[in-house]
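Single-structure report; data block below.
A short reminder: the numbers here are calculations on the coordinates, not readings from a lab. Please read these numbers as outputs of a predicted model, since none were measured by experiment. A quick note on method: Cβ atoms are made from the backbone with ideal geometry, for glycine too, and the neighbour counts reach across all protein chains shown.
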Amino acid sequence: MYEDLIDSADLPTARKSVLPGTGFFLPDDLEEDLEDEQTKAALEGAEVAVVADPDADGLACVALLREAYGDVRNVPEPDADEEDDVDAEAADDAHEENLALAAGEAEDPLEEPEPTPHEVALIPASPHDFEDALARIAEYGDEGIDLFICDLCPDRYEYVEEELAAALETADRVSWYDHHQWGDDIAGAVRDAGVDLVVGDSDEECTADVVYRSLEYDFSPMYEELAAVTRDHDLWLREDPRSDDLADYAYWTDPAEYVEVVREYGVDLPEWVTDFLTERRVEKEALIEQAVGRSEFREIGGYTVGITYGRCSQNEVAEAMRERGADASIIVKPAGSASIRGTDEFERCHEVAGQVNGGGHPKAAGCKPDIYDDMLDYAMHWTSRGAVAKQVLLDAFRDVAESAEEDESCDDT
């Protein structure tokens, strides 16, 4: 296949909006080989490994852990020539923010391993395949390593049981910090396996909050502020405008760079970063506009549900649909995943996602319907703007809405 066919960097916005990024088209075995190489390089000589969702929340956890373990690096400010060479497509749609399962949307997935290993190694992992990261810790980590798992939650214990057991044999200590919705059975099984699990209230804390209060370390006020501003976006409070900068920067840059930049500058990002964000947001707004323009609204079980399709920043698109009257919003992505966002009127997003191979929070969840058997299914997905996925998700929403109505009826009696 010609590389130009899968490189969407130079496509017009309208076409880019309906197609996945380059990473989607990479064979699994090639991607696995690359991840093996990157993990092995990151773990070389490391005393600590952190498996984390590479969004702003997960990466803030890494920053906190590196501070607590004294793993300090200085971040050189790029000169003008380096800024001119910034690849604006390097990490576009590399992962779904917080909860979505959007693996395979990365523009440039062939990144080199971090050149100088840290004592606290970052192992990025998405919510739907972090068990593979645990297996790599067991294979490539040194005996007696400390392992932290941050901002990740298994839908079922069986999905991680074997890999977690292997990691426990390698690691001297395993701590798991999160703030998603955990079932009592899953949490109990993880603790029984020998893991120190701390789960925060998903309505009050992000995972960075959980790490900040759980580590026995006297953090400077800068890190308390980092956790607070991260929480502002992760819980969709939107009271601090700096939280959008953190979220966008984590989304668009290399995870290793994000961690070191926020450790040096805190939440007030340097000018060269804000210039980068300003440039990227031109395209971001254009993609948001495309997705919002495709939005449709359905009345289901007393709720107004907005639904759309497109490669976009799902939170902003959901907010636009909320402003148009949606109680809940569904954004279907070209790679096949979907984001579900709620409001004060609808707080069962994780239940909807749970019916369609996913999970998350009451007001924010992600999933990937198991409806793609071959490339023809994906071709139909792109050309129909996600028609089949939309119907599956609307059916799941209808089931949850009917269940909610039955629960209310039982309460009334």
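With θ set to phi - 60°, apply the Karplus curve 6.51 cos²θ - 1.76 cosθ + 1.60 along region 26-41 and write out the HN-Hα couplings as whole Hz, x wherever there is a Gly or Pro.
6, x, 4, 5, 5, 4, 5, 4, 5, 5, 4, 5, 5, 5, 4, 5
If you count the DSSP beta bridges with both ends in region 287-412, what percent of them are antiparallel, to the nearest 5?
The answer is about 75 percent antiparallel.
Run lengths n ≥ 4 of DSSP H only: what is the helix-derived mean residue ellipticity at 222 nm for the chain, with -39500 (n - 2.57) per run over all residues, to the nearest 500?
-14000 deg cm²/dmol
Report the residue, chosen from L215, L376, L65, that carries the largest GNM mean-square fluctuation when the chain is represented by alpha-carbon nodes joined by springs under 10 Å.
The residue with the greatest mean-square fluctuation here is L376.
Quick one: Karplus J couplings for region 353-361, per residue in order, coefficients 6.51, -1.76, 1.60, θ = phi - 60°, nearest Hz, x for Gly and Pro?
Per residue, the Karplus-derived 3J(HN,Hα) values read 4, x, 7, 10, 6, x, x, x, 10 Hz.
Could you give the nm distance between label points at E296 and D185, where each point is 7 Å from its Cα heading toward the beta carbon?
Here the answer is 3.6 nm between the modelled labels.
Each residue of region 213-222 in order: what ³J(HN,Hα) in whole Hz does its phi give by Karplus 6.51 cos²θ - 1.76 cosθ + 1.60, θ = phi - 60°, with x for Gly and Pro?
Residue by residue, region 213-222 yields 8, 8, 6, 7, 8, 8, 6, 6, x, 4 Hz.
Sketch the reach of a paramagnetic label on E285 as a point 7 Å from Cα along Cα-to-Cβ, and name the residues of region 302-331 whose backbone nitrogen lies under 18 Å away.
312-321
Mind scanning K40/K284; K363/K390; K284/K333 and naming the pairs with a C-alpha gap bigger than 24 Å?
Beyond 24 Å: K40/K284.
For the chain, what proportion of DSSP beta bridges, expressed in % and rounded to the nearest 5, is antiparallel?
Here the antiparallel bridges make up roughly 40 percent for the chain.
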